[in-house]
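Novice: Okay, here's the structure, questions in a sec.
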Amino acid sequence: MVAGIMPVIAFVLVVDRDEVGVLATVGTALPLVALAVTAAAPPTVDPRWFAAVLAADVAGIALIRGDVPTIGVSALFVLPAIWSGYAFGFRGASLTAVVAIGLLWVGAPGEWAVVDAEDTARLVSLPLVIAAVSGTSSVLARRGKARQQLLLGQAALLHTRLAEVTAREEAVRAVLDSVDFDVLAFDPEGRTTVDNAGRGGAALLDLAARGGSTDLDTLVQRTVDGTELDGELVSVRREDGSVRTYTVSTRLLPDAAGAEGGAGGVLVARDVTAERAALQAREDLVASVSHELRTPTTAVLGSVELAREVEGLPPAAERMLDVASRNAERLVELVGGILQAAREDRVDLVPAPFDLLDVVGAAVEAAEPAARVAGVELRTTPTEAPVRVVADAFRIRQVVDNLVSNAVKYNRDGGWVEIGAHAVGDRVWLIVRDDGIGIADGDQDHLFERFFRAESVRRTGVHGTGLGLAISRQIARRHGGDLVVTSALGEGTTVTMTIPAAPPATTTTGARA
């Protein structure tokens, strides 16, 4: 821009004179030629070649001053000083300022014949202006370049971060598209931000089309309002008449400040139609087979009892009948346990107020004969106040009977079993401790699996179904509580059941099956 302006100004200053000498003509032509060269130069030219253009401008001004030694022409040295400071930094600005000031002080031919006020400006004021302007332009240029470098660095960093975010988003999308369940993320207002409905899953589509209190929008809104869902079952009847069952879970996501739900939430829906059908088929099969086994087993027991009544049986026959009776009773116990485990979820609880100490006392009294035969002492923890609870007394008695029976069966001669119950706050505790054979650490993770029996138990030869603890914990959890086992091999076992003193709101009532 400076290279284009300077020839124009020089031409204006020279053209209005009566006579134009050779020096002024050549001086005006030099910037014009420099301008033409600058315009014709390709963008890839080394910027250092423009120093020649700058030198041509300075030389042009010096030639013009040879014919027109005025302060106006001398002021033209400011323009290359600005250009040099901007294009070549402090070094270029200093060099151009020194040359321009030197030319001003040397002066044009005959300029020193008369010294007037203009010479004061030429010798003092104008050099100061040239030095100030060239220095300022170099500083501004340096700041501009620094700002440009900063912007370029920020742009590069932004590009890197954008690439990372894009890669992360693509990875998340790949994961979402590869899982076998539907995922939907939403903002704090419940608007969908991310989902994988396009992967071929139908859960989100079915829930969105369902309508009612468990459609997709309602489930999201319930979560936004603060109610997180955990495995809620939702059945959807499609237009073709088929029914699909989904489990829906939702979670609120905290924002950067830690506010729950500040970043929205996520909903996960999984199709469990086939799983529930398989579970139902398994339960139906177990119940059917168990029912069919109970009838002939009962007949076998009856026949054994009738055979025992025959007079004059040889001792060997009586022993065989005893073996048959024991094994038939064991089979009846196993079938009964299987039937109870299969139907436990479908049996309603019948809560009513009672004293847990009464149930404990009855269970201890019932277990006393077996404990006496095994040489095990039964103890109860003294408690002065009643332990009131609102629960299904029949089911709680099942739990106590099972825990006391296990503690007696898996004990040693001379051992002891202690049973205690007490209330703490709004919860009731039942604790059964013994000093029996204990359970190995490796077996404790499997205690609540159906039909599982620990290695230490199997070595004793004591018969069992492996269903008692699983059923007991199931009963405790249906009451809103839990059952935990702590044990050490060779030292004994402690089983603790905790349930609310009052039934949870979700407990249903009905007739016991």
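No value in this document is a laboratory result; all are computed from the given coordinates. It should be emphasised that the depicted structure is a prediction, and the values quoted were computed from it without experimental measurement. Please note: Cβ atoms are built from the backbone with ideal geometry, for glycine as well, and neighbour counts cover all protein chains shown.
Novice: Need one number: nm distance between label points at R191 and V179, each 7 Å from Cα along Cα→Cβ, rounded to one decimal.
Specialist: Calculated label separation equals 2.4 nm.
Novice: Using 0.36 nm times the number of residues separating D355 and L151, minus their current alpha carbon distance, what extension gain do you get?
Specialist: Here the answer is 65.7 nm.
Novice: Please list the non-local residues whose amide H lies under 5 Å from the amide H of W416, H modeled 1.01 Å from N, same-chain partners needing a gap of 5 or more.
Specialist: Under 5 Å from the amide H of W416 lie the amide H atoms of E377, D435, each far enough along the sequence or on another chain.
Novice: Length gain on complete extension for the stretch S235 to L162, per 0.36 nm per residue less the alpha carbon to alpha carbon distance? Provide the component values of the computation, followed by the final result.
Specialist: Numbers: separation 73, 0.36 × 73 = 26.28 nm, distance 4.16 nm.
Between S235 and L162, full extension yields an extra 22.1 nm.
Novice: Over the stretch 348-500, what relative contact order in percent results from Cα pairs under 8 Å that are six or more residues apart?
Specialist: Over the stretch 348-500, the number comes to 23 percent.
Novice: Amide H neighbours of L489 under 5 Å, at least 5 residues apart or on other chains, H built in the peptide plane: list them.
Specialist: Under 5 Å from the amide H of L489 lie the amide H atoms of I439, D441, each far enough along the sequence or on another chain.
Novice: In addition: What's the ranking of 82-91, 152-161 by average number of surrounding C-beta atoms within 10 Å, highest first?
Specialist: 82-91, 152-161
Novice: Under the Karplus relation 6.51 cos²θ - 1.76 cosθ + 1.60, θ = phi - 60°, what is the ordered set of whole-Hz ³J(HN,Hα) values for the stretch 310-315, x standing for Gly and Pro?
Specialist: 5, 7, x, 5, x, x
Novice: Would you mind ranking L229, L467, L126 so that the residue whose beta carbon has the fewest other beta carbons within 10 Å leads the list?
Specialist: L229, L126, L467
Novice: For the stretch 409-422, take each phi angle, set θ = phi - 60°, evaluate the Karplus expression 6.51 cos²θ - 1.76 cosθ + 1.60, and give the result in whole Hz per residue in order, putting x for glycine and proline.
Specialist: After applying 6.51 cos²θ - 1.76 cosθ + 1.60, I find 5, 9, 10, 10, 4, x, x, 9, 10, 10, 10, x, 9, 7 Hz.
Novice: Mind sorting F181, F186, F77 by how few other Cβ atoms lie within 10 Å of their own Cβ, fewest first? Spell out each step's value before the answer.
Specialist: Numbers: F181 17, F186 22, F77 27.
In order of increasing Cβ crowding within 10 Å: F181, F186, F77.
Novice: Can you run phi through the Karplus equation (6.51, -1.76, 1.60; θ = phi - 60°) for the stretch 268-279 and list ³J(HN,Hα) in whole Hz, with x for Gly and Pro?
Specialist: Running phi through 6.51 cos²θ - 1.76 cosθ + 1.60 with θ = phi - 60° gives 10, 10, 10, 7, 10, 4, 5, 5, 5, 5, 5, 4 Hz.
Novice: Can you figure out the FRET efficiency of F394 with Q221, using R₀ = 35 Å and their beta-carbon distance, to the nearest 0.05?
Specialist: 0.30
Novice: Pull up all non-local amide H partners of V272: gap of 5 or more, or a different chain, and H-to-H distance under 5 Å with H placed in the peptide plane.
Specialist: Here the answer is T245, Y246, T247, since their amide H atoms fall under 5 Å of that of V272.
Novice: Hey, can you rank 137-150, 358-371 by average C-beta count inside 10 Å, highest first?
Specialist: Result, highest mean Cβ count within 10 Å first: 358-371, 137-150.
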